[in-house]
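Notes follow the structure.
The values are calculated or read from the model by the stated rules, or taken from the named source; none is laboratory data. Note that this is a predicted model, so its numbers are computed, not measured. Every residue, glycine as well, gets a Cβ built from its backbone with ideal geometry; the counts of neighbours run over all protein chains shown.
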Amino acid sequence: MTRFTLAAALFASVAAATVASAATTVPFDQAQFAAAQAAGKPTLVEVHAWWCPICASQSGTLKALSSRPDTADLTIFRINYDKQKEALKQFGVQRQGTIIGFKGKEQTGRIDFKTDKAVITALVDATVK
């Protein structure tokens, strides 16, 4: 095995381990969300609009937190604020920039239009621990 092949194999295994320990962000789907809740999984519902600077900031913080090992089982369900109006009603959301945490079916917290990293981190911690 050449050094290049060995280095490539090592990089691939590290990359796979990194991906395996990261939270997953998916578009909101009621059936998938209900299945995650029924299984007792930690989930976040992130209400996002592409044009919203608050949403962009929150997403950056969530992305950074998603690489933590303790978030490996966390699924972030992203609701499109402009297109998924029924989901907004379901969660009682009034505006974009809302993040709601759940452990199974139990709500762990809610953030409305805040970008403070400590506040978002506290919600993630309450959801995954």
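Structural remarks
- Against the numbered list (1) surrounded by 14 or more Cβ atoms within 10 Å (Cβ to Cβ); (2) in contact (Cβ under 8 Å) with a residue 60 or more places away in the chain, Ala39 comes up short only at (1).
- Every residue from segment 64-99 that is more than 16 Å from the chain's Cα centre (by Cα), outside any helix (DSSP H, G or I) and among the aliphatic types (A, V, I, L, M): Val93
- The listed residue being touching a Ser or Thr at 6+ places or on another chain (Cβ under 6 Å) and either surrounded by 14 or more Cβ atoms within 10 Å (Cβ to Cβ) or assigned to a helix (DSSP H, G or I) (or both), out of Thr121, Thr115, Thr61: Thr115
- Test: residue in segment 28-35 that is surrounded by fewer than 17 Cβ atoms within 10 Å (Cβ to Cβ), outside any helix (DSSP H, G or I) and at pLDDT 95 or above: yes
- The lone exception for Thr115 - which of (1) touching a Phe, Trp or Tyr at 6+ places or on another chain (Cβ under 8 Å); (2) of a type in the set (S, T, N, Q); (3) in contact (Cβ under 8 Å) with a residue 60 or more places away in the chain it fails: (1)
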